[in-house]
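Trainee: After the structure tokens below, expect a handful of questions from me.
Only the coordinates and a few stated rules stand behind these numbers; no lab work does. What you see is a predicted model; the values in this text were computed from it and never measured. Cβ: placed from backbone, ideal geometry, glycine included. Neighbour counts: every protein chain shown.
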Amino acid sequence: VWCIQDFQRQSVDPKHHGQLCSGNCYLVLYTYQTLGRVRYILYLWQGHKTTIEDTKALNHNAEELDIAYQGALVQAHVTMGREPPHFLAIFQGQLVVFQGSAGNGGKRLPISTTRLFHMQGADSHNTQTMEVPARASSLASSDIFFLITKDSGYLWFGKGCNGDQREMARKVVTVFTGHNMETVLEGQEPPHFWEALGGRAPYPSNKRVTKQSTLQVSSPWRGASPLAGWVFLWLGEGAGERKKEAVAWGHEYLRTHPAERSLDTPIILVKQGHEPATFTGWFVTWDPYKWTNNQTYEEVVERRPRPASAISEITAEVHNFQLTQWPTDNKGGPSTLLASRDSQDSPENDPELGLGVDGKNPSKSPSSHCSSSVVNGSLPRERLVHQAVEDLPQGVDPACKEFYLSDSDFQDIFGKSKEEFYSMAKWKQLQEKKKLGLF
């Protein structure tokens, strides 16, 4: 562990590992072995009270280390309070963040005044302790707090904490060596406890209620908190100078994501051939030897065995139809097929000419990706909703199952007309179709 001070990295005494300060930036190098090879993960931890110059110094020192390790470091950019489970597990749940800046050599300054620490978590993978203002209003019945004074200490158990939390707290409290910890239960505090906090004051006293949220997050990345996550950027060996822009790409993704992701989400740069288990574990299978012969992506594709018939042409003879398009707003819904024997022999509708009734190329229509041999353009909902591809009627495009619903069924299922549905953003359309069993 290194603390960044005066633009240089200062090695932190091992007995103070896991004791970070909000006014500093730190480099944490984790070394492990897999498949007979030594691998590395370098965490770039940034406190909330740091400056832009501190961040620049952090990145500069990280690049120096990466060069020293011949580009073998996986770099994980972590913001205070958004630490991923693996980072917390490195310190066995004994990560403690102090307010203020560290002294020489990254050592935290001795506790000379009253300080209050809030512990959250129940095991080594999700427990962290943060210093909070030393006043009664900072307490919460659902959690555990450490109150440290110059001469004594208190381990305060809220009524809502469970046995796992209490057991973890007894391990974390060893960080505060030199203090005799007195266990205090909520509602049984001695007078000098409140005196140390400046007197009694209201604080959240409701026990935390665990309730399953109706919000579903499609991303598989989950961290310590319910909606936490992280972003992986995989960097190929041939990325060259573009590697320098990787973190900026990650921030741009977070900034523009429709789910409004936090800009403090950890960003992890994974380098080709140095993928950690925290990355490869998200894939059903991962070939660790894929890149040992240094092939490019194009070379891998070129040498890949090809099926006997790489491209299948599907032809369909469509008779007696007329195309009636939705308003062309470029957000596109499928066209509707209506019976019309008058158009059977119309040259404008000849499939070989590739023209629709309006003389335009249908491939450029917003609805060109959906087609049907269904004469009246609708099917019973039972044959479409929650049906696998192989169970769909012949001629139904599985990507546009909702198109084949009648107007009344569509209104009943979606709660809106087809015009309203196809005027929505594409990602919203997909979201609704997934929810209703039509994706």
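Trainee: Which of Y69, Y30 comes first, and how do the rest follow, when ranked by fewest Cβ neighbours within 10 Å? Kindly include the intermediate steps, with their values, before the conclusion.
Mentor: Details: Y69 15, Y30 18.
Result, fewest neighbours first: Y69, Y30.
Trainee: Would you list, by chain and number, the aspartates and glutamates whose Cα falls below 13 Å from the Cα of K244, excluding same-chain residues fewer than 8 positions away?
Mentor: Output for K244: E63, D66.
Trainee: For the pair D264 and T183, how long in nm is the line joining their label points, each one 7 Å along Cα→Cβ?
Mentor: Here the answer is 3.2 nm between the modelled labels.
Trainee: Order of F193, F7 from fewest to most other C-beta atoms within 10 Å?
Mentor: Ranked by crowding around the Cβ, least crowded first: F7, F193.
Trainee: Any of K15/K56; K15/K159; K401/K428 with alpha carbons more than 24 Å apart? Name them for me. Intermediate results must be reported in sequence, preceding the final value.
Mentor: Details: K15/K56 27 Å; K15/K159 33 Å; K401/K428 16 Å.
Pairs exceeding 24 Å: K15/K56; K15/K159.
Trainee: Considering the dipole of region 2-196 built from charges on the beta carbon (Lys and Arg +1, Asp and Glu -1) around the Cα centre, which of A57, F146, G47 is farthest to its positive end?
Mentor: After comparing all options, I get A57.
Trainee: Order by neighbour count: M168, M130, fewest other Cβ atoms within 10 Å first, most last.
Mentor: M130, M168
Trainee: Using the Kirkwood radius over C-alpha pairs as Rh, can you work out the diffusion coefficient of region 2-196 via Stokes-Einstein at 37 °C, viscosity 0.692 mPa s, in µm² per second?
Mentor: 185 µm²/s
Trainee: In Å, the Kirkwood hydrodynamic radius of region 22-127 over pairs of distinct alpha carbons? Walk me through the numbers on the way to the answer.
Mentor: Values: mean 1/r = 0.0655 Å⁻¹.
Every distinct Cα pair counted, the radius reaches 15.3 Å.
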